[in-house]
Amino acid sequence: MSNVTILIFNALIAFSILVQAQRGQIPMATLPSSDEVKQWWEQVRVAGAEAAKAAGQKEEMLKKKRVPRAYVPDDEDELLSKIDREKMDAEITRTTGNYLGLLGEGKEKGYRVPVPDNRVIVLHGAPARYTNAARKAKEQGTIVVLVEFRTDGTIKVLKIVRGLGFGLNEQAVAAVQKIIFLPEIKDGTFVKMSSNLEFSFNLY
């Protein structure tokens, strides 16, 4: 199991990720493999892109709904209408479920991943949100969360290494759970990887 630090910077609503892990798209198959495995891998690539797109579209709509210096609810989903929210959440659930299902299918069938060794590839990451209580208290700082990127494409929070108050720890954990990624690859198989994620909250 490798241990790296992934830095996530959040300034109100901004999100960036500086990684030893990568961020982007799932690579094409480049190693020798059967047609069946190549077909499966292409389905994984398409499904991963669709899941990231669905999650990204919701973030974009939330971004457009925000008004600078205006009140923003702690649950930013409230910025969306119930119909839009339910529609987007259903699409995120569908596409993410399809992607994770394909990763599981590869494991069940004993497929070898047809790409060279690679670190975790982050397909989508959402920003951690400031809470209104933290804004009023002018709480600033960095939260460090130890997580495990699992082989099935899910992520588990192991512990809060360094936290803040006013509900910011919970917001950081919520952001972690929205990450969509391709697991680390070693010798043709997915392997788990532990990492510290850092969420910085800064007021300007």
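The values are calculated or read from the model by the stated rules, or taken from the named source; none is laboratory data. Everything numeric here is computed off the predicted structure, so don't read it as measured data. No Cβ is skipped: glycine too gets one built from the backbone with ideal geometry, and neighbour counts run over all protein chains shown.
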Boolean, Val122 is at negative phi and part of a loop (DSSP other than H, G, I, E, B): no
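Please tell me if Phe181 is assigned to a strand (DSSP E or B), closer than 25 Å to Gln57 by Cβ and at pLDDT 95 or above.
yes
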Residue within the range 111-126 that is surrounded by fewer than 18 Cβ atoms within 10 Å (Cβ to Cβ), closer than 20 Å to Ser194 by Cβ and in contact (Cβ under 8 Å) with a residue 12 or more places away in the chain present: yes
Any hit, the range 38-47, residues being closer than 26 Å to Ser194 by Cβ, in contact with a Leu (Cβ under 6 Å, 6 or more places away or on another chain) and modelled with pLDDT of 95 or more: yes
Only listed residue being in a strand (DSSP E or B), over 24 Å from Asn98 (Cα atoms) and out of contact with any Phe, Trp or Tyr (no Cβ under 8 Å at 6 or more places or on another chain), chosen from Ile143, Ile160: Ile160
Qualifying positions in the range 134-155 - in contact with a helix residue (DSSP H, G or I) (Cβ under 9 Å, 6 or more places away or on another chain) and either exposed (fewer than 14 other Cβ atoms within 10 Å of the Cβ) or not β-branched (Val, Ile, Thr) (or both): Ala134, Glu139, Gln140, Gly141, Asp152, Gly153
Which numbered condition Pro127 misses (of (1) touching a strand residue (DSSP E or B) at 6+ places or on another chain (Cβ under 6 Å); (2) modelled with pLDDT of 95 or more): (2)
Among the residues listed as Tyr130, Tyr99, the single one being crowded, with 16+ Cβ neighbours inside 10 Å and either assigned to a helix (DSSP H, G or I) or without any contact (Cβ under 8 Å) to a residue 12 or more places away in the chain (or both): Tyr99
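Only one of Lys64, Lys58 is out of contact with any Gly (no Cβ under 6 Å at 6 or more places or on another chain) and within 26 Å of Leu197 (Cα to Cα). Can you tell me which?
Criteria check complete, one pass: Lys58.
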